[in-house]
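Report on the following structure.
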Amino acid sequence: MTNTTRAFAVFMTMLLAVSAVGVAFTGGVAAETTTLAGDGTDQVTGFEANASNDIATSIAADGTDFGTDGTTVLKMNVSYDGETYAVTSEDVATSTDASQTVNISNDELSDLPGDAGANTTVTVTTWGVDADGNTTTAEASFKTDITFANTYAVTTADDTSATIEEPESGFFSLNSWTLGLFGTSSDEKPDLHTYENTVGIDGSNTTVTLNDETSNGSDAFSDAMEDKEAGDLIYGASAAADGTPVLAFYQEADTDMVDETDTYAVYDANGNDEWTFELGDAQADATEVDLFVSSQSYTDVDSFESADLADLFKEQADMGVSDLGSAFGWGSLSTFYLSGIGLGMIGTGGASLAGFGLFFAGRRRLFA
């Protein structure tokens with residue numbers, strides 16, 4: 001075999017190998033449709049609310065065909081616990097057809113709540129209407145089990161499950177270092193929002209989405225997200241898992257601060273004002289996790305331990321005095337620097353006053 005022949009043979013072998021990888025890759029992301037029979041035995045498995053998968057069902061005309069019963073548009077929705085999570089409309093393709101398949105992409109069900117590896121039983125409803133919106137093909141409903149993948153879980157906060165309180169107007173604020181004589185009127189601030197939900201997980205394998213469906217949740221968190229860029233730490237709002245505060249980031253995590261061993265939260269990762277929790281070693285063997293989100297700063301949450309916050313921001317986030325003072329207010333420095341001498345739970349008034357004294361009394365030592 002000549003060198004030219006040998007080189008050509010090697011080239012063809014590599015080309016075939018690359019082609020095989022390409023086919024395998026294409027096959028791995030190909031859309032998968034689960035067709036529902038509507039007979040009560042339907043099940044969607046491995047659900048992760050991704051756009052690559054659909055659910056579909058066939059809608060039959062009431063008459064001989066859609067032209068006979070007058071149907072021009074076919075409709076389908078998916079509901080759970082009295083709430084509609086996805087709806088679609090498709091024009092009738094051919095009026096002489098007696099049936100037509102209608103699809104809903106799984107990503108339209110991203111708000112659907114469910115535990116990792118567990119079933120959420122939804123109701124699928126179909127019907128048809130004419131050009132004036134009158135029902136022509138009669139409504140039909142059936143139950144379908146949607147089994148969540150072990151890697152995926154969703155929980156929702158709404159006005160009934162969230163704790164929503166009017167903010168207090170302060171006479172002055174040491175934390176913000178304003179010392180304003182008149183403070184800020186509570187009428188000018190959005191309500192304080194706190195969400196605490198428990199969801200089933202498969203240890204650290206699961207990523208959990210906490211959907212905010214409260215009436216003004218985006219307003220409650222807007223101040224904390226102001227001027228944030230992707231990867232920035234969030235200070236003005238707070239997050240915790242199983243009672244322990246965790247770092248929270250805007251839109252994406254800063255991988256210099258966290259990795260797969262850490263539990264952390266990301267706000268607005270998908271552009272939906274939602275919280276995504278990536279679970280780490282702390283939840284490795286857990287079957288459920290208690291998630292906490294508040295529109296208050298970490299230093300304003302009474303249940304957080306000062307020592308935990310010190311470990312989180314001084315050690316894990318590697319923030320110094322100047323960073324902490326700018327982020328949380330100079331009056332909150334006691335939270336991070338006196339946590340080892342028995343302050344225990346954070347009390348915003350006492351902690352702020354202690355920090356006020358700490359700043360002045362020890363400023364040379366702290367900034368050295």
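The values are calculated or read from the model by the stated rules, or taken from the named source; none is laboratory data. None of these values were measured; they are calculated from a predicted model. Cβ: placed from backbone, ideal geometry, glycine included. Neighbour counts: every protein chain shown.
Just a few scattered comments:
- Pick from the stretch 97-108, criterion under 15 Å from Ile146 (Cα atoms) and buried (at least 17 other Cβ atoms within 10 Å of the Cβ), ranking: nearest to the chain's Cα centre (by Cα): Glu108
- Checking each residue in the stretch 65-93 for being in a loop (DSSP other than H, G, I, E, B) and among the β-branched types (Val, Ile, Thr) picks out Thr71, Thr72, Val92.
- Flag for Ser222 being in contact with a Pro (Cβ under 8 Å, 6 or more places away or on another chain), under 21 Å from Ala162 (Cα atoms) and modelled with pLDDT under 95: yes
- Here Ala37 does not fit the description of being closer than 29 Å to Gly203 by Cβ and not assigned by TED's automatic domain parsing to the domain that holds Gly203.
- Subset of the stretch 315-332 (residues that are over 11 Å from Tyr235 (Cβ atoms), out of contact with any Gly (no Cβ under 8 Å at 6 or more places or on another chain) and not in a loop (DSSP other than H, G, I, E, B)): Glu315, Gln316, Val321, Ser322, Gly325
- Boolean, Ala86 is within 21 Å of the chain's Cα centre (by Cα) and at pLDDT below 95: no
- Whether a residue is touching a helix residue (DSSP H, G or I) at 6+ places or on another chain (Cβ under 6 Å), free of Cβ contacts under 8 Å to residues at least 60 places away in the same chain and surrounded by 15 or more Cβ atoms within 10 Å (Cβ to Cβ) was assessed, and Val321 passes this test.
- Filter pass, Asp107 being within 25 Å of Asp202 (Cα to Cα), in a loop (DSSP other than H, G, I, E, B) and in the same structural domain as Ser58 (by TED's automatic domain parsing): no
- Segments classed as strands (runs of 3 or more DSSP E), wholly inside the stretch 184-295, with at least 1 members that are free of Cβ contacts under 8 Å to residues at least 60 places away in the same chain: 238-241, 248-250, 264-267
- Which listed residue is within 26 Å of Leu338 (Cβ to Cβ) and of a type outside the set (Gly, Ala, Ser), from Asp268, Asp262: Asp262
- Evaluated against (1) of a type in the set (Ser, Thr, Tyr); (2) in contact with a Ser or Thr (Cβ under 8 Å, 6 or more places away or on another chain); (3) surrounded by fewer than 17 Cβ atoms within 10 Å (Cβ to Cβ), Tyr235 falls short on exactly one condition, (3).
Here's the yes/no breakdown for (1) in contact with a helix residue (DSSP H, G or I) (Cβ under 9 Å, 6 or more places away or on another chain); (2) within 12 Å of Asp130 (Cβ to Cβ); (3) surrounded by fewer than 17 Cβ atoms within 10 Å (Cβ to Cβ):
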{"site": "Thr57", "(1), (2), (3)": "no, no, no"}
{"site": "Gly63", "(1), (2), (3)": "yes, no, yes"}
{"site": "Phe66", "(1), (2), (3)": "no, yes, no"}
{"site": "Thr72", "(1), (2), (3)": "yes, yes, yes"}
{"site": "Val78", "(1), (2), (3)": "yes, no, no"}
{"site": "Ser89", "(1), (2), (3)": "no, no, yes"}
{"site": "Val92", "(1), (2), (3)": "yes, yes, no"}
{"site": "Ser95", "(1), (2), (3)": "yes, yes, yes"}
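- Complete set of residues in the stretch 150-165 that are surrounded by 19 or more Cβ atoms within 10 Å (Cβ to Cβ) and part of a loop (DSSP other than H, G, I, E, B): Ala162
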